[in-house]
1. Can you spot a residue in region 88-95 that is small (Gly, Ala, Ser) and closer than 27 Å to residue 15 by Cβ?
2. Out of all the residues in region 87-130, which are aliphatic (A, V, I, L, M) and either farther than 17 Å from residue 64 by Cα or in a loop (DSSP other than H, G, I, E, B) (or both)?
3. For the condition at pLDDT 90 or above, among the acidic types (Asp, Glu) and under 21 Å from residue 26 (Cα atoms), what is the one hit in 130, 97?
4. Which count do you get for residues in region 134-148 that are within 21 Å of residue 9 (Cα to Cα) and open to solvent by less than 10 Å² (accessible area, probe 1.4 Å)?
5. Would you be able to say whether some residue in region 84-103 is small (Gly, Ala, Ser) and surrounded by fewer than 14 Cβ atoms within 10 Å (Cβ to Cβ)?
6. Please find, within region 25-53, the residue that is most open to solvent (accessible area, probe 1.4 Å) out of those that are touching a residue at least 40 places away in the same chain (Cβ under 8 Å) and part of a strand (DSSP E or B).
7. For residue 109, are the conditions met, namely being among the polar types (S, T, N, Q), out of contact with any strand residue (DSSP E or B) (no Cβ under 6 Å at 6 or more places or on another chain) and either surrounded by 20 or more Cβ atoms within 10 Å (Cβ to Cβ) or at positive phi (or both)?
Amino acid sequence: DNVGGRTLAILIDKRDPSHNTVYAGGASGGMWKSTDGANTWTRLNSWNEWLAISCIAQGPGPNYDIYVGTGEGLSQISGSSFNSGQMGNGIFKLVNDSPVLITPDAYTNSTLNNSSPWAAVNRIAVNPTDANQILASTQRGIYQSLDAGATWNLIPTPTGFTSATAQSSSSDVKWASDGVGIFATLGGNNVLIQSQNGGFSWSKVSSVNNHGFPSTQGRIEIAIA
């Protein structure tokens, strides 16, 4: 019915010096591309139309690789009375506008497993100084790749967390421009954590019980000056 629905991700392609190439991802409409500054759009038919696009990130030059996360973890895909979110299937690399899966998939015996971390990827962040290092906020914690997505591991348990808490959901992760400092959310998205050594160790910054946070809240978004 020509209804756009939820557009969760937009990226202006750094490979285009005119800034006219734009990618957009829909929660239930797949991947779209514009080459005229978002005046007209074409759906990338190589992507599954139903695939829920949640986030898009681009790495540094010279390749400026583009990564696409899937699954609406922030819309509570399971375990609540809302259940409005669509499940996804991991992170894809955009290769000639076609998807290449670079994470374990979220399928178990040909059925989507909504408890898999890769069923809901909420944010992707690529180190601005190292194209091989990628962080992903998922519904089961923060995963890190040091080889451009070939392998993934859960980040080290932050100081002050139990291992069970460290595997709870994360809504956001952001790199500082120096490629060393990182901020992220963890623990049901109500705790802010940071790394000061490029993601190899983490510590808690603050939580709802500490100074500076409201007494009740459920989601944190991060921006770094």
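1. Within region 88-95, one or more residues are small (Gly, Ala, Ser) and closer than 27 Å to residue 15 by Cβ.
2. 87, 101, 102, 106, 112, 119, 120, 121
3. 97
4. So the answer is 7.
5. Yes, region 84-103 has at least one match.
6. 33
7. yes
Per-residue answers, yes or no, for (1) modelled with pLDDT of 85 or more; (2) surrounded by fewer than 16 Cβ atoms within 10 Å (Cβ to Cβ):
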site	(1), (2)
23	yes, no
55	yes, no
63	yes, yes
67	yes, no
71	yes, no
75	no, no
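The values are calculated or read from the model by the stated rules, or taken from the named source; none is laboratory data. Source: prediction; values computed, not measured. All Cβ positions, glycine included, derive from the backbone under ideal geometry; neighbour counts span all protein chains shown. Accessible surface is based on the protein model in full, side chains and every heavy atom, while ligands, DNA and RNA are left aside. Shrake-Rupley method; radii C 1.70, N 1.55, O 1.52, S 1.80 Å.
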